[in-house]
Amino acid sequence: MKLDQFDFELPEELIAQVPLENRAASRLMVLDKQSGDIKHEIFSDITKYLQKGDCLVLNDTKVLPARLFGLKVDTGAKVEVLLLKQLNGDRWETLVKPAKRLKKGMTLTFGDGQLQAVCLDELEHGGRILEFQYDGIFYEVLDQLGKMPLPPYIKTQLEDQDRYQTVYAKERGSAAAPTAGLHFTEELLEEIREKGIHIAYITLHVGLGTFRPVNVDDIEEHDMHSEFYRMSEETASLLNQTRKQGGRIISVGTTSTRTLETIATVHNGHFEEANGWTDIFIYPGYEFKAINGMITNFHLPKSTLIMLVSALAGREPVLHAYEEAVKEKYRFFSFGDAMLLI
């Protein structure tokens, strides 16, 4: 398939720059993946489309405040560091701006010396291996000094950093939020449980590769980024039981979907306790083995995310739904509105 087949016109003013004060007050487009019919709702009404015995699968990853602003010790020059991946101990793979003059052996300082980092190695495209030095607990220092690494299309400063976390975020390690989950409140989750709908948790740490554009005309040649996932024995058991009893498995977000499909593919449609790295690339023609429906946000043109959504509900119905969303002025991307494909 060609990349241009997943393009659409998106007015820039529809890219949501700030989250709504009430998470569950966002709009919800419901797309029937069999008929292509569309309904317009409010997210808090999602319970109308969930049935007793269904299971919602949430990604409990927690976004690190991974953007640090500091100085080079030798010159006092300003530097920005983005934590990408913990390698071992206090050594991290990072992205540094500007990186050109940060050489092996040089030291950076953050927060008036509260945190320091020595450059151990120079990588391509501004990548650096840094080893951090500090007193106390690293993540507590990071909570004090770090900023949320918001996606490049969000230009507005986020006043409340917790608003870029789901209310159930637990496992530290993500470079970006699993944004479909941002619509849930504790009250809505309780309402869902009271209706007899199961809630299961998986972990997938979202990497910055999720924002990397597709740069090939033939999408099958795209090199998908790899992300770490984990599923507990408790979640695997609940999912297998849900399926056995005729309930539907509904993933919250493309991250949950990729995790579930990875595990179901490895275990022939069954769920098992598992962890590892996935680079699964889901696009039209893919046969789903794990999920029956999905909650997701509205994604970028030509992105792997809109390809995944198109695989579930069909390219033409999805692009028609996106045209409708533009016409009805839905809010797009991370802080935008939601879509339920069921």
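Below is a table of values for the structure above.
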| item | result |
| --- | --- |
| Partners for residue 302 among lysines (Cα-Cα distance below 18 Å; same-chain residues under 8 apart left out) | 2 |
| In nm, spacing of pseudo-spin labels at residue 221 and residue 159 (7 Å Cα→C-beta vector) | 4.8 |
| Fluctuation leader among 317, 149, 11 - the chain, Gaussian network, Cα springs under 10 angstrom | 11 |
| Most mobile listed residue (296, 94, 254) in the chain, GNM with C-alpha springs under 10 Å | 94 |
| Entries of 39/62; 33/327; 33/329 with Cα pairs more than 30 Å apart | 39/62 |
| R0 of 25 Å, Cβ-Cβ distance residue 107-residue 147: FRET efficiency to nearest 0.05 | 0.75 |
| Probe 1.4 Å, protein heavy atoms only - accessible area per residue of the chain in square angstrom | 47 |
| Cβ-Cβ FRET estimate between residue 237 and residue 265, R0 fixed at 22 Å, reported to 0.05 | 0.70 |
| Global geometry of region 140-187, whether rounded, prolate or oblate, following the gyration tensor of its Cα atoms and the 1.5 cut on a/c | oblate |
| Most fluctuating residue given options 309, 57, 96, as computed from a GNM of the chain linking Cα atoms under 10 Å | 96 |
| Given [x] 143; [y] 158; [z] 134, the label whose value is volume of the Cα convex hull per residue in Å³ derived from this model | [x] |
| For region 36-140: rounded, prolate or oblate by the Cα gyration tensor [a/c cutoff 1.5] | prolate |
| Under 27 Å from residue 72, Cα to Cα: lysines that are on another chain or at least 8 residues apart | 85, 97, 100, 103, 104, 147, 155 |
| Helix 315-327 vs. the chain, principal-axis angle (Cα, 0 to 90°, nearest 10) | 80 |
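The values are calculated or read from the model by the stated rules, or taken from the named source; none is laboratory data. For clarity, every value in this text was computed on a predicted model and none was experimentally measured. A quick note on method: Cβ atoms are made from the backbone with ideal geometry, for glycine too, and the neighbour counts reach across all protein chains shown. Keep in mind that these areas ignore ligands, DNA and RNA; they rest on the heavy atoms of the full protein, side chains included. Shrake-Rupley method; radii C 1.70, N 1.55, O 1.52, S 1.80 Å.
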